[in-house]
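The values are calculated or read from the model by the stated rules, or taken from the named source; none is laboratory data. Every value quoted in this text rests on a predicted model; they were computed, and no experiment measured them. Here Cβ is always computed from backbone atoms with ideal geometry, including for glycine, and neighbour counts include all displayed protein chains.
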Amino acid sequence: MKLPVNYKEFKKDPVKALLFITLSAIGYLYVDNKMNYQGQIETCYDKTIILEGKVEKLNYKINRADSALAVATTKLKILTTLNKIEDI
């Protein structure tokens, strides 16, 4: 692999050579960081989809349980009103 800055150029103007190397490193780190965040975003998106499905199922179960409780409470009130069972 050939370096973009050779020793003669570095010796002639070290400030420009170091600036070029530094900018190259910063550019590489920026792109690498962007790729890493993109991977994390995709992973979080997949997890969010899964968790939303679980929340949907649990909300359905809660609504069913709430409906069953309402029916049972209504039947209990009716039976209590008709004196078929005693109040607790």
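Among all positions in the stretch 67-88, there is no residue which is assigned to a helix (DSSP H, G or I) and among the acidic types (Asp, Glu).
The selection criterion, being in a helix (DSSP H, G or I), at pLDDT 85 or above and β-branched (Val, Ile, Thr), does not hold for Val15. For the residues Thr48, Thr22, the requirement of being over 30 Å from Asn6 (Cβ atoms), assigned to a helix (DSSP H, G or I) and either touching a Gly at 6+ places or on another chain (Cβ under 7 Å) or among the hydroxyl-bearing types (Ser, Thr, Tyr) (or both) singles out Thr48. Taken together, the residues in the stretch 21-57 that are of a type in the set (A, V, I, L, M) and farther than 30 Å from Phe10 by Cα amount to 6. Within the stretch 70-88, residues that are on the phi < 0 side of the Ramachandran plot sit with their Cβ atoms under 7 Å from residues that are modelled with pLDDT of 85 or more and in a helix (DSSP H, G or I), at 6+ positions apart or across chains, in these pairs: Ile85/Leu79; Asp87/Thr80.
For the stretch 43-86, what are the residues that are among the charged types (D, E, K, R) and over 32 Å from the mean Cα position of the chain (by Cα)?
Within the stretch 43-86, Lys75, Lys77, Lys84, Glu86 meet the criteria.
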